[in-house]
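Before any comments, here is the structure.
Here, each number is a calculation from the coordinates, and none is a lab measurement. Bear in mind the structure is a predicted one, so any value in this text is a computation, not a measurement. So basically every Cβ, Gly included, is an ideal-geometry build from the backbone, and we count neighbours across all protein chains shown.
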Amino acid sequence: MVRIVRATQVEIESAVQALRDGELVAFATETVYGLGANAQNPAAVAKIFAAKGRPPNHPVIVHLDSPRFLHRWVREVPEVAMRLAERFWPGPFTMVMPRAANVHDVITGGQDTIAIRVPAHPMAQQLLTAFGGGIAAPSANRYGRLSPTRAEHVREELGDAVRVILDGGECQIGLESTIVSFEGDGVRLLRPGSVTATQISAVVGELFSDDGRPVPRVPGSPPTHYAPTTHMTIVPAGEIDAQADAASSGGRRVAVLAQRLPLRAHKYATWINAGRRPENYGRDLYANLRTLDKAGCRRILVQAVPDGERWDAIRDRLVHAATSVAESDDGSGAMAVLP
Ligand code: TXA
Ligand code: MG
């Protein structure tokens, strides 16, 4: 049976023992919950892939408590990476760097690089320090599904595949970390997150966006990702009430994720007002989509979020989760993923 426990010292120690025994431990970070295994034990890391139903060629992030043992995992730390580490670690920030020779292929998906993150959440820090090594951890959800932002979500997703879930409460950011990689002197943004392109540029100068290589480097290659099971459509902001009416004609139930209250009563709609602040919207996004997914509706309609960098990570996750984007009457409905 899976146990959800508060992260007391005793429970941290038993989680450390589970990691040493080659078992999986789910834990909170400030972004989303991670599904952790001892990064130096390939058999343990393989259990992550089995539990998630994730294809084996997808690399996983290795989490460290500080950059002090970075050289055990990274062959050569780019100079710009040192500056970024100084600025954004510990935090919701991941860097893809050349892997050290002894890193197992199961971590890197056979690539020559490894992704490293130093998370800030006190529980993640406590666990990493007590364990004393690297913890490989993707988000603790089934492959392609919504990332968990509460301990209960992890249980829903993975059940008994994980021995211990360390309950660190609700994740404060709620969206996965920003990921960058390095090419020559250049820094490439692979996944937008709460550390924004502007913040990174302030440290390293110009940034490049992902050029869509054939290798599945970041989520997005499968048709949908971070996705609810209910068909989800992004709707132009001004049309959300009209689209909710249209979708619920004939008494069909519809779920709506909006940034304001409905303009009129919609009898058949389950309507969530996630507000206009990107920090709150992002923190609650996956929990809101889970709620709407369980509401027994045929469709989820999402009101398109505003332009602007503070919404980039949210827009990225919504576009990956949606099965379609509704065109507005003037043809301007589609949200761009990144500028
Ligand atoms: O916030 C987060 O980043 C969370 C928490 C638990 O740290 N983790 C997370 O992991 O979102 P995951 O596996 O769900 O997403 C990490 C992404 C993967 O899609 C993977 O393709 C990419 O990072 N990645 C990992 N190693 C990579 C590498 N060597 N090169 C390029 N991309 C890599
Ligand atoms: Mg994930």
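In the calculated pair-distance distribution of the chain, the portion above 26 angstrom amounts to 48 percent of the Cα-Cα pairs.
Of all DSSP beta bridges confined to the range 9-204, the antiparallel ones make up roughly 70%. When all alpha carbon pairs of the range 21-156 are counted in 10 Å bins from zero, the resulting P(r) reads 13, 46, 35, 6, 0 %. Look at Ile200, Ile61 and count the other Cβ atoms within 10 Å of each Cβ; fewest to most, that gives Ile200, Ile61. Counting only DSSP H runs of at least 4 residues, each contributing -39500 (n - 2.57), and dividing by the residue count of the chain, the helix-based mean residue ellipticity at 222 nm comes to -8500 deg cm²/dmol.
Taking N as the residue count of the range 231-335, its C-alpha radius of gyration divided by 2.2 N^0.38 Å amounts to 0.98. Considering only alpha-carbon pairs that sit under 8 angstrom and 6 or more positions apart, the relative contact order computed for the range 181-324 is 32 percent. In the elastic network of the chain, a GNM with C-alpha springs shorter than 10 Å, the most mobile of Asp65, Asp21, Asp284 is Asp21.
Relative to the longest principal axis of the Cα atoms of the chain, the long axis of helix 312-321 makes an angle of roughly 80 degrees.
Between 0 and 90 degrees, rounded to the nearest ten: what's the tilt of helix 122-131 against the longest Cα principal axis of the chain? Roughly 30 degrees between the two axes. Ordering Glu23, Glu279 from the fewest to the most neighbouring beta carbons within 10 Å gives Glu279, Glu23.
Taking other C-beta atoms within 10 angstrom as a stand-in for reagent exposure, Met1, Met95, Met82 fall in the order Met1, Met82, Met95, fewest first.
Helix 42-52 and the longest principal axis of the C-alpha atoms of the chain enclose an angle of approximately 10°.
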